[in-house]
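Reviewing the structure listed below.
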Amino acid sequence: MMSIVYRLNRLFASDGRCCEVAIDHGAHCEPTFLLGIENLENVVNQLISAEADALLLSMGQAHLLQNHPGRRKPSLVVRADPSNFYGAPAPSAPFCALVEKAVERAAALDATAVVANLMWTSDQPELYRQCVTNISRLKPECEVMGMPLIVEPLLWILDENTGEYKFNPDLKRYTALVRQAVELGADVVKTDPSESLSEYSQIIETASGKPVLVRGGSRISDKELLTRTRELMALGASGVVYGRNIYQHPCPERMLAACNAIVHENATVAQAEAILS
């Protein structure tokens, strides 16, 4: 069994924090996710220049990062389980499929971690079973290869107005799902913020000492994103994994710089807004 520490040391900065950008959205086959990443190579180049700590990519697009020469570039994180879950109307037969030989392929790409979903919604028990099975298959392979496993607990509820799934704010159910992620072997947990940010400390506690990275989710206002980032970092988050809130922003490089300032320099919201403006 190889140690995961070496790769974690590349994923997290020397301060133990990480500002990661997710651009694996094309793997989920949802058209609205592609706005802003139609030319993914250009986006990767922008984010390298803007000094993201890590980029989350699909297996098929990881070369856009790893082909860059030199040492000063973001660490690679790869998606192990593309799904069809997103969008409206919600699919009648949702799936979350594990990529064959995911850990072996991630190691060959020099990735620092692999990401897998842990989706739960009361009306899709088969999807939940798939996710538990996927993680259970990945974990022993990760242990052999010294590959950190990032588990993404996602608690959903069907929105009857839009016909798509949205975040379920049930804190008790969500903390249980976060704990299950750790019980299944997560080395890092990637979570949604709680509905009331003050309750996020319960998520941190439930993660049992594992680093917790905050998801960005749908696009929100700059002020809300920066304020939320500041509050969650103060409550003990180890960093963020933002996607659409960065790559769909009018100026992705400045938004990333603003988030970096909060994550790594404990910048205030006002200081981060000054970077944006």
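Just for the chain, what percent of DSSP beta bridges are antiparallel, to the closest 5?
Numbers: 4 of 33 bridges.
Roughly 10 percent of the DSSP beta bridges within the chain come out antiparallel.
Lys and Arg at +1, Asp and Glu at -1: add these up for the other residues within a Cβ distance under 15 Å of V144 and post the number. The partial results should precede the final answer.
Numbers: positive: R7, K101, R105, R137, K139; negative: E104, E141, E143, D187.
Charge balance in the 15 Å sphere: +1.
Output wanted: per-residue J couplings in Hz (rounded whole) for region 59-65, from phi through Karplus 6.51 cos²θ - 1.76 cosθ + 1.60, θ = phi - 60°, x for Gly and Pro.
For region 59-65, the Karplus curve yields 4, x, 10, 4, 4, 4, 8 Hz.
Does region 154-231 come out rounded, prolate or oblate by the C-alpha gyration tensor, with a ≥ b ≥ c the root eigenvalues, rounded set by a/c under 1.5 and, if not, prolate when a/b is larger than b/c and oblate if not? Provide the component values of the computation, followed by the final result.
Details: a/c = 1.96, a/b = 1.22, b/c = 1.60.
Oblate shape, in that a/c is at least 1.5 and b/c is the bigger or equal ratio.
Counting only GluC sites (Glu not before Pro) that sit in a DSSP loop (anything but H, G, I, E, B) with at most 10 other Cβ atoms within 10 Å, what is the longest stretch of the chain containing none of them?
Numbers: sites that count: E38, E100, E160.
The longest such stretch corresponds to 161-277.
With r as the distance between the Cβ atoms of D123 and A97 and R0 = 30 Å, compute the FRET efficiency 1/(1 + (r/R0)^6) and round to 0.05.
Working: r = 20 Å, r/R0 = 0.65.
Result of the calculation: an efficiency of 0.95.
Treating only the Cβ atoms of Lys and Arg (+1) and Asp and Glu (-1) as charged, compute the dipole magnitude of region 134-277 about its Cα centre; round to the nearest 20 debye.
Details: 15 positive and 19 negative charges, 24 e Å.
In debye, rounded to 20, region 134-277 gives about 120.
For region 222-269 and region 1-78, what is the separation of their C-alpha centers, rounded to whole Å?
16 Å
Tell me, what HN-Hα J-couplings in whole Hz come from the Karplus equation 6.51 cos²θ - 1.76 cosθ + 1.60 at θ = phi - 60° for each residue of region 110-118, using x for Gly and Pro?
Using θ = phi - 60°, the values come out as 6, 6, 9, 5, 10, 10, 9, 7, 10 Hz.
Whole-Hz Karplus ³J(HN,Hα) for region 72-87, in order, using 6.51 cos²θ - 1.76 cosθ + 1.60 and θ = phi - 60°, x for Gly and Pro?
My calculation for region 72-87 gives 8, 8, x, 6, 9, 10, 10, 7, 9, 8, x, 9, 10, 7, 8, x Hz in order.
Most mobile of C29, C18, C131 per a Gaussian network model of the chain (Cα springs, under 10 Å)?
For the chain, modelled as a Gaussian network with Cα springs under 10 Å, the answer is C29.
How high is the relative contact order of the chain, given as a whole-number percent (alpha carbon pairs under 8 Å, six or more residues apart)? Write out the running numbers ahead of the final one.
Values: 522 pairs, mean separation 52.7, N = 277.
It comes to 19 percent, rounded to a whole number.
Give a quick list of trypsin sites (Lys or Arg not before Pro) in region 59-156 that DSSP marks as loop, anything other than H, G, I, E or B, with at most 10 other Cβ atoms within 10 Å.
Working: sites: R71, R72, R79, K101, R105, R129, R137; in loops: R71, R72, K101.
Sites meeting the loop and neighbour criteria: R71, R72.
Checking the a/c ratio against 1.5 first, then a/b against b/c, what shape does the Cα gyration tensor give for the chain? Kindly include the intermediate steps, with their values, before the conclusion.
Values: a/c = 1.25, a/b = 1.09, b/c = 1.15.
Cα axes put the chain in the rounded bin.
For the chain, modelled as a Gaussian network with Cα springs under 10 Å, which listed residue fluctuates most, A181, A108, A258?
A108
Nothing charged except the Cβ atoms of Lys and Arg (+1) and of Asp and Glu (-1): what's the magnitude of the dipole of the chain about its Cα centre? Round to the nearest 20 debye.
Values: 25 positive and 33 negative charges, 109 e Å.
Computed about the Cα centre, the dipole is about 520 debye.
May I ask you to sort T206, T162, T229, T112 by Cβ crowding, counting other Cβ atoms within 10 Å and putting the fewest first?
Details: T206 21, T162 12, T229 27, T112 24.
The fewest-first ordering by Cβ neighbours comes to T162, T206, T112, T229.
Every number in this text was worked out from the coordinates using simple rules, so none of it is lab data. What you see is a predicted model; the values in this text were computed from it and never measured. Backbone-built Cβ (ideal geometry, glycine too); neighbour counts: all protein chains shown.
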